């Protein structure tokens with residue numbers, strides 16, 4: 001009997017240029033299987049984006065300066081907002097936010113640090129998380145692995161929650177009014193586990209009949 005440790009792919013970041021040099025999420029096989037899912041539910045691996053963890057005291061001069069830079073108020077409850085420039089700003093706690101800069105604005109990190117005026121913290125966490133977009137019957141699929149109510153009545157567009165999906169901690173973002181688009185922000189080290197879980201849940205013949213036919217368990 002022997003045990004092996006599965007090696008995870010990593011994302012390498014050149015801290016001098018802030019360019020993602022290697023963007024391997026290790027989910028190539030999963031992407032092909034996601035693309036073959038039936039029409040009831042879909043899963044898409046979103047492109048890697050620059051991400052920054054922001055810590056600053058709410059309503060402070062630094063927070064006001066950050067909001068002026070973003071062109072949007074920082075959320076004050078479990079939710080997310082989109083800035084005019086296209087960044088996603090996610091509330092993580094009373095004085096903590098995750099900013100996903102998908103457009104990758106040049107010098108954004110430096111501008112964010114300047115805005116805090118030395119009374120806050122900005123940490124580049126690019127490559128630390130991967131986003132997966134669940135479409136279709138997203139609440140039904142995710143209900144197999146979480147006790148959170150992700151239906152539109154309790155989880156409207158703009159809501160953000162942190163919780164478990166199976167055994168992984170993820171951030172849930174509601175991207176539509178009817179909960180048909182839910183984004184999962186997952187730590188890279190759990191990406192394969194979550195992707196495997198999503199495939200298994202989506203291919204459950206009792207809930208989502210698929211063209212794969214009978215599955216073989218190994």
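Taking the Cα centroid of the stretch 39-73 and of the stretch 109-159, what is the distance between the two, rounded to the nearest whole Å?
So the two Cα centres are separated by 9 Å.
What percentage of all Cα-Cα pairs in the stretch 50-124 are separated by more than 14 Å?
Value for the stretch 50-124: 53 percent of Cα pairs lie more than 14 Å apart.
Nearest 0.05, what FRET efficiency do residue 124 and residue 46 give at R0 = 25 Å with Cβ-Cβ as r?
The value I calculate is 0.85.
Of all alpha-carbon pairs in the stretch 95-202, indicate the percentage at a distance above 24 angstrom.
So the pairs more than 24 Å apart make up 33 percent of the total in the stretch 95-202.
Bear in mind these aren't lab numbers, they're just calculated from the coordinates by the rules spelled out. For clarity, every value in this text was computed on a predicted model and none was experimentally measured. Virtual Cβ from ideal backbone geometry, glycine too; neighbours counted across all protein chains shown.
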